[in-house]
1. If you average the sequence gap of Cα pairs under 8 Å that are 6 or more apart and divide by the length of the chain, what percent do you get for the contact order?
2. As I understand it, the value is the acute angle between the Cα axis of helix 6-17 and the longest principal axis of the Cα atoms of the chain; what does it come to in degrees, rounded to 10?
3. Treat every Asp and Glu Cβ in the chain as -1 and every Lys and Arg Cβ as +1, leave all other atoms uncharged, and give the resulting dipole magnitude about the Cα centre to the nearest 20 debye.
4. Run the numbers for Phe8 and Lys137: contour at 0.36 nm per residue of separation, minus the present Cα-Cα distance, in nm.
5. With everything on Cα atoms, drop me the angle between helix 220-233 and the longest principal axis of the chain, reported from 0 to 90° to the nearest 10.
6. Pull out the extension gain between Leu278 and Thr129, defined as 0.36 nm times the separation in residues minus the alpha carbon to alpha carbon distance; nm, one decimal.
7. Can you list the trypsin sites (Lys or Arg not before Pro) in the range 167-204 that are in a DSSP coil and have 13 or fewer other beta carbons within 10 angstrom?
8. Of the residues Leu100, Leu215, Leu183, which exhibits the maximal mean-square fluctuation in a Gaussian network model of the chain defined by a 10 Å Cα contact cut-off?
Amino acid sequence: MIYYPDTFLDNLLMEDIQYGDLTSRALNICDQLGTMTFTRREAGCVSGITLGCRLLEKLGLVVTAHLQDGDFADKGDCLITAEGRADALHQGWKVVQNVLEWSCGVSDYMARMLEIYHRYQPKGQIACTRKNIPNTKLLATQAVLAGGGVIHRQGCSETILLFANHRRFLSEPDNWAQHVKQLRLAAPEKCIVVEADDIEQAREALKAQPDILQLDKFSIEDISQLQQEAPQLAPHCHLSVAGGINLNTIEKYAQTGITLMVTSSPYYAPPTDIKVRLYPKD
């Protein structure tokens, strides 16, 4: 479960409704009771349900979730129903619609990538990087997990990942064995992941016996070649692929046999179209 602190909920609400709904006040309908429904216009994986419900509840509304994060919705399925004062309904409308549309877009994109990937690699995993849109990490994390993905790393203090940008500061940038040894000594409880930018770097990195070698922007041919070489050079090392992996390219990468893909593409998925309807209570 992803924990959403009250301050996070308040910030989302305050962006849009700090001074109330002027139109509702001007029409003198604030005190009327009504119902609001959030419906998915197209089928797909859903996310943002838990957060959406909490936002509506903070406005004093009675809320019913009809589906859970990670469920598959058919076209026309109702995700959330809220009941209460008309002014609260109008205040929650756009905030929750925005959360659902963006979150469902991410989760459905991830689910569709995995559906293609698992045709070739049934146990393959897609990990999303920390290159998320600023200030969306909580939303993005929930959406990725709801879609069946995993998180690559939440921050730079969470895991060891040796980049070329690190190695350039070292006296022997190409001494992979020394780098891996030093990292194991300094962080003995961590998995050692190193990134290579070309096939020659990858071969040298494999000789250092890292736990995971991340291949950044490699061609399909080079990935396939390393799949053959890696078991001899580093039998306990896993290969992952990063760079250029998205819904349009996942199939060709899946056919290389790699079982871990690293990407940020789901964060930039088109939002899902969520229909919102408000109407007075009988």
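1. 23
2. That helix lies at roughly 60 degrees to the long axis.
3. The dipole of the chain has a size of about 120 debye.
4. This chain segment gains 45.3 nm when fully extended.
5. Here the helix axis deviates by roughly 60 degrees.
6. 49.9 nm
7. Within the range 167-204, the qualifying trypsin sites (Lys or Arg not before Pro) (loop, at most 13 other Cβ atoms within 10 Å) are Arg168.
8. Highest fluctuation among the options: Leu183.
Readers should treat all values here as calculations from the given coordinates under stated rules, not as data from a laboratory. Everything quoted here is computed from the prediction, not taken from an experiment. Reconstructed Cβ throughout: ideal geometry from the backbone, glycine too, with neighbour counts over all protein chains shown.
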